[in-house]
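Below you'll find the structure, written out as structure tokens, and then a few comments.
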Amino acid sequence: MIKKNTLLILIIITLFGGFLRFYKVDKNPTSLTGDEISFGYAAYSILETGRDESGRFLPLVIQSIGDYKNPLPAYLMVLSFKIFGVSDFAIRFQNALFGTLFVFFFFFFLKYLTGKDNFALLGSLFLSISPWNIFYSRFAYEPLIASFFSMLGIWFFMKMLDDRKLRFSFLSALFMVLTMYTGFAQRLFIPIFVFAISVFKIKELLKSKKQTSLFILTFLFLSLPLVYVSLFQGASTRFKMVFIANDINYVRYVIFGYLNGLVDYIYLFFFWIKRYLNYLQPFFIFSNALQMVLPSNMGLGLLYPFEALFLGFGIFEFVKWKNRNKDILLIWLFTGIIPDSITNNEQHAGRLLHLTPVIFFLTTLGAFSFIKWVFSFKNRLLRFSFVFIFSSLFILNLVFAFLVFRVHFPYQKSESFDEGLREVVYAVLKYQDKYDKVIFDIRRGVDGPYMVSNPHMYLLFYSKYDPERYQTIEKIRDIYQDEPYFSFDKYAFGYINWYRDSLNKNALLVGSPWSFPEEKVLGDKLLEKIYLSNGKVAFYIVSTR
Amino acid sequence: MFLLRINKHLSNFFLIVVLHFLLVYFLSKHLSGVSILPDKFFISTFLGKEFYITKTFIYLSEFFNLFLIFVLGNYFFADKNPLLPLLIYSFSPWSFYHTAFVSPYIFFLSIVLLFVLGIILLKENKGLSIFVITFSLFLGILTSLFFLFILPLFWFLFYLLVEDKKLRSTVEKFLIFSLILVFSLIVVTYLVNKEAVFSYFKNELSAFGDPGFINMINTYRGESVREGFVFLSKIVENKYILGFEFIVLKLLQSLTPATFFTSQEKMFGFSFSPPIFLGFLIPFVYGLYKSFISRNKYLILGLVLLLPSLMSLNLINIDRLILFFPVVIYLISYGFSSLSDSKDLRFRFLIILSLFILIFQFLFTLYDIRTKEKERFIRYYGSVQEVKIR
């Protein structure tokens, strides 16, 4: 049972959390990412035709550019489109919603673990203002939704062992499998977690045979389609692409691109250990995990810097904490790092989202113990000093987080979020009727054309290109041997070569300033310039006429 | 007196020393062709005469380090595993890499160990203790500027932590003397060669004038002002608030397991060997936990030894961090001893697991040194093959 006052406070915390997640969600991040736009058009295509853009009927895996996407986020987006219409907001709605629900349900999860309302409220408050959770709630990023499901799955698993009710076995397996249908890192995490739990909790599991059997059967039955698509429909492609053995540091600096024999596989083990332990780096946890600013700058991490003390206290308290679910939390924490640590790039905060409940549990545990400690001081001045210093730190951290979200993120990272492509499409739609051909350069970048984007997905989505037509229309790929090329209808996407493409008599060219001669040379041919939030020019729209 | 106890294990000590220098020889042999740019001591700066660090000098310092760790091991772990700290030190890549590379930090480590020995002797032999402390203070300040900060600070913190009234008054008197010594050395140094001292300060304390850090603040301020958040930016995005946060994070970063037990911070910029073998991680964590439980306040003193690394421009300066090695050795040894004391089967399993990983990684490191370390070195330094340690 939950008291009225507690419920009221929880609702206020959740609403506040919701505000932080929903407020101008379609404007910040400034643009839909390549992944969001892929999901968006796939969902639009399914909504209109029941098929994704490659023509597969109600697919269990969504074929995208260079990889395969999880099905559940796309289907959730279909619902969102149905309610709000096809828009940037509708694409991001589901993440903001799950981020908010996370805050609400986290209270009940903590209450289940500790039985304390105050503790659970404090934990929910921390989660509601968490930059980690807010950031990933503000754009379509499937691991956030997967993490929500994984929390429910593991919570019901605890209930299954504690209460021995069959419905918890079913619910636990259901949410764990839903997790696997939603996020890639979590698809790996769940089996590892289940395996580790089976080893460490074997006695308890054998005691409740019925519940365990139902859990296993439900889990296996529901995950069978996933096994099928992983084996036969390329859903494992992404895993092969990102496996740690392909890591550039490992290949170039550890093994030098060759292995002498089986013994050299040991390098991979030690390299992995290094990656694994890297997750405990304070700069990652408290300063730059979210990569919302340039890599050399201090930004936001998984937790606020003021929470460092809480986390430290929390770990210490956790060792002393006595609870039958303690080992489940411990296994959750240690196995939770594995999926991301075996990938071929540096630590990624998004792929650790399923650890949110454990990390915030530890932080709250530490905060509780810290508060108790401070209020145990008999000296009033000392107590006041601690409270004053800590409150100041708390406020300063929140103000800095606000500035990062509101100012520095759009200024420093908008290009990484493909800002400008939406405006490019609107400009193209304005001019295209007068031209026979529209050519997009896929390379972009203010400092140099080092980034590659997928303008065709933005064109499909923002022009609401008829999905049925797109599924059946003839598409031409790679006509040049040394450069990528893709075209359909009157649109072509590849590298713009000014000396070659300007010979087209009636074409519209779209690319970064690097694709064209100087502005003076272009003269009247330059129809429009598209700018980034930081005022720099991202794209030129140029006519060849 | 605990110094007399070392007789019991002298033969084992020499055996470990021989094995340690064999490791140094093995590494030097496989990285042959790699030469070290000899470093100058701080004393050169104001005497106008260049005192270079030589190979023989570093080898002697390393022998001295081994001996001091052996002695300190006998003090801290006399009843259980007096040789454990020595074993950890001598078989850790951190020590044999630095010795093979003729790193001045081997000598600086001798000073730190000598200083610690001096403090420990304070209770047993005041005269000897005062001599040892004064000698290490003097030697430290003459050879490297950062000792100017860390040794007096170490000394002062020790004074604050001491509870025994008699000991406290001795420390008090002696602290004044050592502060006078340090102060007069600063004055003399400054008077003799002002410019050199400034340039030395600039090099050693580079963390505080990092142009990247200043640039970050200016960028933040510019962006916030453009968006109309002048006041908020002023109170949060300034060098004091962000600088404090940066230093605290840097301090915490220096204490993470990845720094000590993996090659996250590559030794000499190229090595794949970790400073300390991974097998020691479990006893380290357990030792840390037990020290917290037992509220071992003297561990705070160890934090002073992180200062040289904190002062550097790099996030972590793994060369300078070697001065913190004795604290890590203490924690590992304490963890090992506590684990072996326990009758719990799980703890026994942890010891076996640790030993297995240790032996496995030790053998693998030898294999790696033989096959790939030189290639890494050449890729990192190119054809120069000379290392300058900072």
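The numbers here are math on the coordinates, done by the rules we state, and not lab data. All values derive from a computational prediction rather than experimental measurement. We place every Cβ from the backbone using ideal geometry, glycine too, and count neighbours over all the protein chains shown.
Quick notes on this one:
- Phi angles of region A:473-478 translate, via the Karplus equation with coefficients 6.51, -1.76, 1.60 and θ = phi - 60°, into HN-Hα couplings of 5, 6, 10, 10, 10, 6 Hz per residue; Gly and Pro are given as x.
- For region B:101-166 versus region A:160-232, the gap between their alpha-carbon centres in whole angstrom: 58 Å
- Straight-line cross-link reach from B:Lys374 at under 24 Å between alpha-carbon atoms covers these lysines, not counting any fewer than eight positions away in the same chain: A:Lys274, B:Lys29, B:Lys55, B:Lys266, B:Lys388.
- Projecting label points 7 angstrom from Cα along Cα→Cβ for B:Leu15 and B:Asn215 puts them 5.6 nm apart.
- Normalised convex hull volume, chain B, alpha-carbon set, Å³ per residue: 182 Å³
- Fully extending the segment from A:Ile2 to A:Ile338 would add 117.3 nm, taking 0.36 nm per residue of separation and subtracting the current Cα-Cα distance.
- FRET efficiency for B:Phe135 and B:Tyr159, using Cβ-Cβ distance with R0 set to 25 Å, rounded to 0.05: 0.85
- Against the empirical 2.2 N^0.38 Å (N residues), chain A has a Cα radius of gyration ratio of 1.06.
- Dividing the summed -39500 (n - 2.57) terms of all DSSP H runs of n ≥ 4 by the residue count of the protein assembly as shown sets its mean residue ellipticity at 222 nm at -20000 deg cm²/dmol.
- If the segment from A:Lys475 to A:Asp163 were pulled out straight at 0.36 nm per residue, it would be longer than the present Cα-Cα gap by 106.6 nm.
- Cα gyration tensor shape for region A:41-166, rounded if a/c is under 1.5, else prolate or oblate: prolate
- When the Cα atoms of region A:383-429 are aligned to their principal axes, the ranges along those axes come out at 64, 14, 10 Å in descending order.
- The simple spin-label model puts a point 7 Å past each Cα toward its Cβ; for A:Lys320 and A:Phe221 those points are separated by 4.7 nm.
- Electrostatic dipole magnitude of the protein assembly as shown [Cβ: Lys, Arg +1; Asp, Glu -1; Cα centre; debye, to 20]: 2660 debye
- In terms of its C-alpha gyration tensor, region A:287-347 comes out oblate, because a/c is 1.5 or above while a/b does not outweigh b/c.
- Positive-end residue, chain A charge dipole about Cα centroid, Cβ charges, pick of A:Pro517, A:Leu398, A:Leu362: A:Leu362
- J(HN,Hα) series, region A:276-285, from Karplus relation 6.51 cos²θ - 1.76 cosθ + 1.60, nearest Hz, glycine and proline x: 4, 5, 4, 5, 8, 6, x, 4, 5, 5
- Under a 5 Å amide H cut-off, with hydrogens placed 1.01 Å from N, A:Phe306 pairs with nothing among residues at least 5 apart or on other chains.
- From the alpha carbon centroid of region A:17-62 to that of region A:475-511 is 27 Å.
- The distance between label points at B:Thr371 and B:Lys234 comes to 6.3 nm (points 7 Å beyond Cα on the Cα→Cβ vector).
- Legend: calculated FRET efficiency, B:Lys266 to A:Phe402, from the Cβ-Cβ distance at R0 = 41 Å, rounded to 0.05, equals 0.65.
- Extension reserve of the A:Lys525-A:Lys434 stretch, reckoned as 0.36 nm per residue once the Cα distance is removed: 31.4 nm
- Distant-in-sequence amide contacts of A:Lys69, defined by a placed amide H-H separation under 5 Å and a gap of 5 or more residues or a different chain, comprise A:Ile62, A:Gln63, A:Ser64.
- Couplings for region A:212-227, taken from phi via the Karplus curve 6.51 cos²θ - 1.76 cosθ + 1.60 with θ = phi - 60°, read 5, 4, 4, 4, 4, 4, 4, 4, 5, 4, 6, 8, 4, x, 5, 4 Hz in order; Gly and Pro are left as x.
- Using a Förster distance of 25 Å, the FRET efficiency for A:Trp373-B:Leu299 (Cβ separation, nearest 0.05): 0.85
- Other-chain or far-sequence residues with amide H under 5 Å of A:Phe440's (modelled H): A:Ala492, A:Phe493, A:Gly494, A:Val510
- Anisotropy class of region A:181-333 from Cα gyration tensor, a/c 1.5 cut: oblate
- Farthest positive-ward along the protein assembly as shown dipole, Cα basis, beta-carbon charges - from A:Gly85, A:Trp155, B:Val225: A:Trp155
- With 5 Å bins from 0: P(r) over region A:413-545, alpha-carbon pairs, percent: 2, 10, 22, 25, 22, 13, 5, 1, 0
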